[in-house]
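Before any comments, here is the structure.
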Amino acid sequence: MNDATFLQYKQFFYGWAQKHWSGIEQHIKEEVFLDALAIYVEYDRQGKVTVKPTTFIISVAHRKFQQLRKGQTQELKKDVAAETNELPIQKELVRTALKQLDEKCKAILTAKYFYNASMEDIMQETGAKSRAVVRTQKKRCIRKLKAIVVEMQKAA
Amino acid sequence: MEERNDYLDKVERIFDGELDKSHLRDDALKEDAAFFEGMIEALGVEELERGEQALEDIDIDRIDPDIRAQLAAQNKKLSTAKVRKLTPIRRILAIAASVLVLIVSGLLLWNKQTNSPAALAEDYYLDADLPGTMSGGAVMEENFQAGLVDFAVKEDFETAKIAFQQIGDDSPRYTEAQYFLGHIAFQNEDFVAAENAYTNALAAENLPGYIDRNRVAWNLMLAQLANGKDIEEALKNFLPTATPFDEMARALLEELQ
């Protein structure tokens, strides 16, 4: 893996970990990142990675962090199963609306709000040519999603 | 709907970290805050579900020791890499780039009336192109060189402005000086001066290689927008151009309409 790609994944990982696993010590985060990256590299070589590299790495890391925290009271807020069952009405509505949003918008919003990615990273991820473009697209995507939610609320 | 968008903008800025989260207690923002929280959680759930499916046949406890060691070495190398000392020219350009990013970020953080022409103009504004080298080849005129150093390195825009203003229209550096005067005026929110300077820069038949004519035209159009002029026709001229101008033109048109 070249250095630029390595650093890009590392930056994404730390953006996400800082946001969702802020209580974990730095050296543990580093170990988990290297484990997740090693698993990604191995399975990528075998052609078994079916999602974006960042999605794969973060999913492995998520499981690793869960294993580390197992038995402790402070679980990650976004435990998939629990989250799905416990979403309040408004959040469930947003979740349904999100499925109607185009992939480009989802990618921008996910990078920004889930991975805590920098504007430069989002530019790379989405192929946008400037920060201004990313900013504008992000705003447009939020408005699109909000409009879908409002329509759904009206229909309900 | 306009009022709701204002709230949505404010909430977006809170979630972007530009505004303090205490604002979320404001009743008027609560609905949008719930929407944002829902959006962020839903994005996370969807992304992790996608990842969960991809990990179905994968054993995350079995790690190839060779790959792991290789990555650890790479990580160590990158973490301890010495910062390469930049040459003076590169350092000046690096500082200039950082300064410009800071200036533009600062401009965006100023709290403007949402969707006002000035706010939109600043949202879509593009940083200044800078020459790839500041020496070698032809000797630059003293004022131009001094102005460029004041503008890009010292961040002393007032002094840079005076230096650039002394470059008359008979100088071969006139167009470049006007281009930088446009940027300085825009950053000072003197949009009338920015419009004049960019118009002068754009009037040149040939621009130096490092200045993109589209960028000058784009920023001129934004200055006109901030001055309350109708720019829709000018915007449409950018639609057939290459990215990022076509994308930005489409987005700005949508916002204006």
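Read the figures in this text as sums done on the coordinates, not as results from a lab. This one's a predicted model, so the numbers in the text were calculated from it and none came from an experiment. Positions of Cβ are generated from backbone atoms using ideal geometry, with glycine treated the same way; all protein chains shown enter the neighbour counts.
How many Å³ per residue does the convex hull of the Cα positions in chain A occupy?
Given the Cα convex hull of chain A, per-residue volume reads 132 Å³.
Here B:ILE60 and A:PHE6 are evaluated by their C-beta separation; at R0 = 22 Å the FRET efficiency comes out at 0.65. Compared with the dominant Cα axis of chain A, that is its longest principal axis, helix A:3-20 is turned about 60°. Within 10 Å of the Cβ of each residue in A:144-155, the mean number of Cβ atoms contributed by other protein chains is 2.
Averaged over all directions, how much area does the convex hull of the C-alpha atoms of segment B:148-245 cover when projected, in nm²?
6.6 nm²
Between helix A:131-155 and chain A there is an angle of about 50 degrees, using the helix long axis and the longest principal axis of the Cα atoms. Each of the peptides B:177-184, A:117-124 was scored by the mean count of other Cβ atoms within 10 Å over its residues; in descending order, highest first, they stand as B:177-184, A:117-124.
Looking at segment B:192-226, the chymotrypsin sites (Phe, Trp or Tyr not before Pro) that sit in a DSSP loop and have at most 14 other Cβ atoms within 10 Å of their own Cβ are B:TYR210.
Partner chain Cβ atoms within 10 Å, averaged over the residues of B:199-206 - can you pull that number for me?
Working: counts 0, 0, 0, 0, 0, 0, 0, 0.
Mean partner-chain Cβ count within 10 Å for B:199-206: 0.
For q values of 0.17 Å⁻¹, compute log₁₀ I(q)/I(0) with the Debye formula on a Cα-only model of segment B:173-220, without solvent. Rounded to two decimals, the profile gives -0.38. Among the trypsin sites (Lys or Arg not before Pro) in segment A:1-72, those placed in a DSSP loop whose Cβ has at most 11 other Cβ atoms within 10 Å are A:LYS70.
Assign unit charges at the C-beta atoms only (+1 for Lys and Arg, -1 for Asp and Glu), then state the dipole size of chain A relative to its Cα centre in Debye, rounded to the nearest 20.
Computed charge dipole of chain A: roughly 820 debye.
For segment B:171-257, applying the loop criterion from DSSP together with a ceiling of 16 other beta carbons within 10 Å to the GluC sites (Glu not before Pro) yields B:GLU189, B:GLU205. Peptide A:61-67 is shielded by partner chain Cβ atoms: per residue, an average of 3 of them sit within 10 Å of its Cβ. Of the cross-linked pairs A:LYS99/A:LYS154; A:LYS144/B:LYS229; A:LYS112/B:LYS30; A:LYS29/B:LYS76; A:LYS70/A:LYS112, those separated by over 24 Å at the C-alpha level are A:LYS144/B:LYS229; A:LYS70/A:LYS112.
Against the main long axis of the alpha-carbon atoms of chain A, helix A:53-69 sits at an angle near 70°. Fully extending the segment from B:GLU18 to B:ASN227 would add 72.6 nm, taking 0.36 nm per residue of separation and subtracting the current Cα-Cα distance. Between the beta carbons of B:SER171 and A:LYS48, assuming R0 = 56 Å, the FRET efficiency works out to 0.30 to the nearest 0.05.
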